[in-house]
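The values are calculated or read from the model by the stated rules, or taken from the named source; none is laboratory data. Everything numeric in this text was worked out from a predicted model, so none of it was measured. Here Cβ is always computed from backbone atoms with ideal geometry, including for glycine, and neighbour counts include all displayed protein chains. Each accessible area value is taken on the protein alone, full model and side chains, heavy atoms only, with ligands, DNA and RNA left out. Shrake-Rupley method; radii C 1.70, N 1.55, O 1.52, S 1.80 Å.
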Amino acid sequence: MLAYIGKRLVIMLPTLLLIMAVGFFIMQLPAQDYVSQYVARQGQMGNTTAMLQEELLRQQLGLDKPPIERFFYWFFDFLRGDWGTSFVDSRPVTTIILERLPATLAISSLAFLVSWGVGIPLGVYSATHQYKTGDVALTTLAFIGIGLPDFLVAMFFLVAAFLASGQVLLGLNSPEFVNAPWTLARILDFFSYAWLSVTAVAFTGMALIMRVTRNNMLEELGKPYVLTLRAKGLPERVVIWKHVFRNALHPLVTMFGQVLAFLINGFAITSAVLNLPTIQSVYLSATFQQDIFLAGAILILIAVTVMVGNLISDVMLAWLDPRVRYD
Amino acid sequence: MTELAAAGALAPATADADAGTAKVLSVRQLAWRKFRKNRLAVFGLVVLALMYLSAAFAGFLAPYGDRETHAQFARVGPHGLNLVDTEGQFHLTPFVYGLERTMDRKTFKQVLTVDTEKRYELRWLVKGAPYTLLGFIKSDVHLFGVEGDGKLFLLGTDSKGRDLFSRILYGAQVSLTVGLVGVALSLFIGISVGLITGYYGGWFDEIVQRIIEMTLAFPQIPLWLALAALVPPTWNSIQIYFAISLVLSILSWGALARQVRAMVLSLKTSDFVRAAKYANASTGRIMFKHLLPGTMSHVLVVATLTIPAMILGETALSFLGLGIKPPMTSWGLLLNEAQSVQVILELPWLLFPAVFVVLTIISFNFVGDGLRDAADPFSR
Amino acid sequence: MSVETTPLISVEGLVTEFRTEGGLVRAVNGIDFTIPRGGTLAVLGESGCGKSVTGLSLLNLIRPPGAIAGGRITYYGMEGGKPVEITSLPPTSEAMRKLRGSEIGMIFQEPMTSFDPLYTVGEQIIETLMAHKRGLSRAAARAQAIEMLAKVRLPSPEILVDRYPHQLSGGMRQRVMIAMALSCGPKLLIAEEPTTALDVTTESQILDLLQNLQQELGMAVMFITHDLAVASEMADEVVVMYLGYVVERGPVEDVLNNPSHPYTQALLESVPRLDADSKERLRTIEGMVPTPDQMPRGCPFHTRCRHFMPGICDTALPPLYAAGPDHEARCVLVAPDFAKEPA
């Protein structure tokens, strides 16, 4: 098992290298770099001295060197933990990311838990009550979740919460707590406030998990061994949860990585709509402003997260299924 | 669960019957038969057919042009057709009431009132804004509309006084096709790469597999955002449109290439391909005559299931301002107007494009599922 | 009836239907039979004749869109002798669940797909034991499982108990399946084509095993099969089914030596024989079994029958006529008042 994980990690390295290279060059491609955007903006504000400093600025930021050279500087610095400095607010990229990491992890892990924790039981219910009212209602909900763009899901939740509470639940805390230290009061406030963001982020993933669970369950329920289990006189509860569900879990486990990618996908946009202090919303503004080191670092982080998610799902599959071998 | 007993007990009989009739039906007919049995898939196919037809004939079906503004009628809610008037009298021809803008004397705000005194009957084939159909038919006849001072805003108007219904139809032209172009591109790349790597294998295959793994490890939307941000703002609508489809296809060819490769690998060792090799068929002939057709059914399924992701991608990019740019319009761009809770509460009808998005995505999923089942006509 | 003369289970007028897109399909169409204690009944027929549905109906395992629509199944084997009417118990009821496995066991055709692949075979026997025996400890259940594996003559049962189904051969799996079905000491074993998926040597071993176990444990067996040889080897009585109807029934020797229904005759002729002239072509039954939604009028077999008589066979369903002592057939040719035409 350990050897298998090790082998997978080794295979990940060249992939990671490729991702870094591609990520970096995508950031380099635009004709307008950060400096020209900056100069243009200053020019609009009537500050013409910036125009004279254009080359100097570029030199300061290291943007005058050829891209290949810059890539290697960036690459080795990156490995050493120096991820560069954001052009926009001149702070180290690592600082910006670390600052937003707690909120990002809190929301995404909560959303991840909610999407699995709610999606799976609902999917099982749907499958065991096929074509009954509950199943039809859940199926409709799931299709809306899959069909609705993420930003609209977030919008709908915002509007619904506003109609219910009269508050616009943007962000993770009510305004008086945004800059407060993390006291118990702030944590309570977080939960009364952040449920909206968590549900909005989790919704699409939940719909997907629910559908896949339902389909897998139905497929497994049609298999001959279920008849054997029932003919043995096992209670239906045992038939469903101990046997059918565990068999249906397999395709779900392989989806672990996919759902993670899904969450991250939706997260970028939901964060923007709900104005969440997450890494994804910084990513969005960084791509808009050609803040290449920041955007590049986040893109790599995201890709690594997805890769690790895929690895975890493969390892879990091997662990769950006695038929899978590691070689 | 419900089919369990039936499958166990009745299946042999039905399987026999199928085998009996299979002799006279081709695989394609069998697949079509099976697809037809899936009611959701047929529903999806009908919806999609209607959607694409309306998009193609948007100019004719829309009562107004996509850029036609009715300045004094901005922010009007859905203003639909009536059959019964305020006096309870029934009219055979649907009609709309007149709209009038007046100043509220106390608040000095513009208010819109429905003038039930004025009735405008619905007319077929009305002359209106000129348009070009399918790129070459120029006309100014619209399927329906009202004449004179009457206005027909089926789904309301936006902040600039443009008819939302007409704009949704025009937006469909972009939103529904951007995914198609994207899928066509990724089909082209995916099939070529899959065929070549599957057929030749070796170190080239290894490298390509690594690259595909990488594309699969990239979460789509962040990469789409990064790429869409590269599109120079100076480009015109058509250039942006194709740039966006290119961006959307950049990640999805990998999955297709894998599918094709896997199928080619298994087909390569089959008897008919070996026979073709012994008969000295050229590599190209083997690839395109023998290997490619065998992969088509699965490619079709993957393609159908890829389009909805691309359509959602377009709406997301346009919503964030990184996608389609005015004066072109798309569903995502239309939804871009509904950016805040305030706007949605005041002008909830601006969310109508979302209904079309959801319907399209669901329909594609239904059709994809139906095709997946039908692609294997001999399975039960 | 005294205890000695009551059968173990009786089936009267059983009708099992399935709701399909094409309408209501009757998979079992009013069949009657009884199985005596310790006796063996073979239910014979081609695929789709309703024999599997009959087996599942006995366990009340027909699930929507199917349902038992009529008739009565009564089980007389309960401790204390109180008859239980299976057809009056809801399929999902606790009383029905307790009956399955402990009173009536079932083994299936495909020993590979009939096990949950994710649990060891031992676990699958243990859970059966624990579902029926209150207060049984896990360790005791495991010991019993090993004992059962030994009873079906599997080598080194204490090792096999921890094996997964995919690690065993087909014959071994079927033995485990038998061990599992018999673990709670059922008085009736329903065996649905238990040897169809096995090769010939394994098949005879499994059949021997079943016969020995039946003698040892004194249980009754209902053998569902399409194989005449298996039926003649295993059964005392035979019921021949076609399209949900019983077309012939009687003592196995009698039915197989003097088949009275054209369908049974045709079935017998389609079996290859070693002593037959090798130049003679094997006879097959013409045509296909009609799908249940195209149920023929009159005698269900008339569409394929060699002796089909228009105006007689396609008008009314013939009743079961006596063809010998305890031997009946559903064919007008057997009717006592039917004037046999000269051949």
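Pairing residues of the stretch C:317-337 that are under 16 Å from C:GLY298 (Cα atoms) with residues that are in a helix (DSSP H, G or I) and polar (S, T, N, Q), at Cβ distances under 8 Å and at least 6 apart in sequence or on separate chains, gives C:ALA329/C:THR264. For the stretch C:122-141, a residue qualifies if it is assigned to a helix (DSSP H, G or I), open to solvent by 10 Å² or more (accessible area, probe 1.4 Å) and over 17 Å from C:PRO165 (Cα atoms), and the qualifying residues are C:MET130, C:ALA131, C:HIS132, C:ARG138, C:ALA139, C:ALA140. Considering (1) at pLDDT 85 or above; (2) touching a Leu at 6+ places or on another chain (Cβ under 7 Å); (3) open to solvent by less than 40 Å² (accessible area, probe 1.4 Å), the lone condition that B:SER175 does not fulfil carries the number (2). The number of residues in the stretch B:41-65 being part of a helix (DSSP H, G or I) and either on the phi > 0 side of the Ramachandran plot or touching a residue at least 60 places away in the same chain (Cβ under 8 Å) (or both) comes to 16.
Screening the stretch C:74-96 for residues that are open to solvent by less than 30 Å² (accessible area, probe 1.4 Å) and out of contact with any Phe, Trp or Tyr (no Cβ under 8 Å at 6 or more places or on another chain) and picking the one that is nearest to C:ASN29 (Cα to Cα) gives C:THR74.
Any chance the stretch C:31-48 includes a residue that's part of a helix (DSSP H, G or I) and either more than 11 Å from chain B (Cβ to nearest Cβ) or at pLDDT below 90 (or both)?
no
Return the residues of the stretch C:108-164 that are within 13 Å of chain A (Cβ to nearest Cβ), more than 19 Å from A:ALA231 (Cβ to Cβ) and among the hydroxyl-bearing types (Ser, Thr, Tyr); say none if nothing qualifies. Passing the criteria: C:THR120, C:TYR164. Residues that are open to solvent by 40 Å² or more (accessible area, probe 1.4 Å) and closer than 17 Å to C:GLY70 by Cβ occur at least once in the stretch C:26-44. Of the residues examined, C:GLY71 is not one that is touching a residue at least 60 places away in the same chain (Cβ under 8 Å), in a strand (DSSP E or B), surrounded by 23 or more Cβ atoms within 10 Å (Cβ to Cβ) and away from chain B (no Cβ under 13 Å). When we screen A:ALA142, A:ALA127 for residues that are part of a helix (DSSP H, G or I), at pLDDT 85 or above and at the interface with chain B (Cβ under 9 Å from one of its Cβ atoms), the only hit is A:ALA127. Tell me, yes or no, whether the stretch A:188-206 has at least one residue that is open to solvent by 40 Å² or more (accessible area, probe 1.4 Å), under 25 Å from C:PRO111 (Cβ atoms) and away from chain C (no Cβ under 13 Å). Checked the stretch A:188-206: no residue is open to solvent by 40 Å² or more (accessible area, probe 1.4 Å), under 25 Å from C:PRO111 (Cβ atoms) and away from chain C (no Cβ under 13 Å). For residues that are away from chain B (no Cβ under 13 Å) and not in a helix (DSSP H, G or I), scanning just the stretch A:240-282, find the one that is most open to solvent (accessible area, probe 1.4 Å). Filtering the stretch A:240-282 for residues that are away from chain B (no Cβ under 13 Å) and not in a helix (DSSP H, G or I), the one most open to solvent (accessible area, probe 1.4 Å) comes out as A:PRO277.
Does any residue of the stretch C:202-210 turn out to be open to solvent by 10 Å² or more (accessible area, probe 1.4 Å), part of a loop (DSSP other than H, G, I, E, B) and more than 12 Å from chain A (Cβ to nearest Cβ)? The answer is no, given that none of the residues of the stretch C:202-210 is open to solvent by 10 Å² or more (accessible area, probe 1.4 Å), part of a loop (DSSP other than H, G, I, E, B) and more than 12 Å from chain A (Cβ to nearest Cβ). So B:TYR200 ticks every box in (1) modelled with pLDDT under 80; (2) open to solvent by 50 Å² or more (accessible area, probe 1.4 Å); (3) not charged (D, E, K, R) but one. Which box is left unticked? Evaluating B:TYR200 over (1) modelled with pLDDT under 80; (2) open to solvent by 50 Å² or more (accessible area, probe 1.4 Å); (3) not charged (D, E, K, R) leaves (1) as the failure. Residues that are open to solvent by less than 10 Å² (accessible area, probe 1.4 Å) and either modelled with pLDDT of 80 or more or acidic (Asp, Glu) (or both) were ranked within the stretch B:325-340; the one that is nearest to A:VAL159 (Cα to Cα) is B:LEU335.
For the stretch C:1-22, residues that are in contact (Cβ under 8 Å) with a residue 60 or more places away in the chain, open to solvent by 30 Å² or more (accessible area, probe 1.4 Å) and part of a strand (DSSP E or B) total 2. Take the conditions of a type outside the set (Lys, Arg), modelled with pLDDT of 80 or more, on the phi < 0 side of the Ramachandran plot and in contact with a Phe, Trp or Tyr (Cβ under 7 Å, 6 or more places away or on another chain) and apply them to A:ALA295. Does it pass? Yes: the conditions hold for A:ALA295.
One residue alone among C:GLN167, C:GLN174, C:GLN211, C:GLN215 is within 16 Å of the chain's Cα centre (by Cα) and of a type in the set (S, T, N, Q), and that residue is C:GLN211. Just one of the listed residues (C:LEU99, C:LEU89) is more than 8 Å from chain A (Cβ to nearest Cβ) and either closer than 25 Å to C:ILE190 by Cβ or without any contact (Cβ under 8 Å) to a residue 12 or more places away in the chain (or both), namely C:LEU89.
Yes/no per residue for (1) assigned by TED's automatic domain parsing to the domain that holds B:ALA262; (2) modelled with pLDDT of 80 or more; (3) open to solvent by less than 10 Å² (accessible area, probe 1.4 Å):
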site: B:THR306; (1), (2), (3): yes, yes, no
site: B:GLN342; (1), (2), (3): yes, no, no
site: B:LEU350; (1), (2), (3): yes, no, yes
site: B:THR360; (1), (2), (3): yes, yes, yes
site: B:GLY370; (1), (2), (3): yes, yes, yes
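Among the numbered conditions (1) within 14 Å of chain A (Cβ to nearest Cβ); (2) over 15 Å from the mean Cα position of the chain (by Cα); (3) closer than 30 Å to B:ARG210 by Cβ, the only one that B:LEU300 does not meet is (1). The criterion of at least 2 residues that are of a type in the set (A, V, I, L, M, F, W, C) and at pLDDT 75 or above is met, among helices (runs of 4 or more DSSP H) falling completely within the stretch A:21-95, by A:67-79.
Please report, ordered by residue number, the helices (runs of 4 or more DSSP H) entirely within the stretch B:136-255 with at least 2 residues that are among the acidic types (Asp, Glu).
Numbers: elements: B:164-200, B:202-217, B:220-228, B:237-249.
Ranges flagged: B:202-217.
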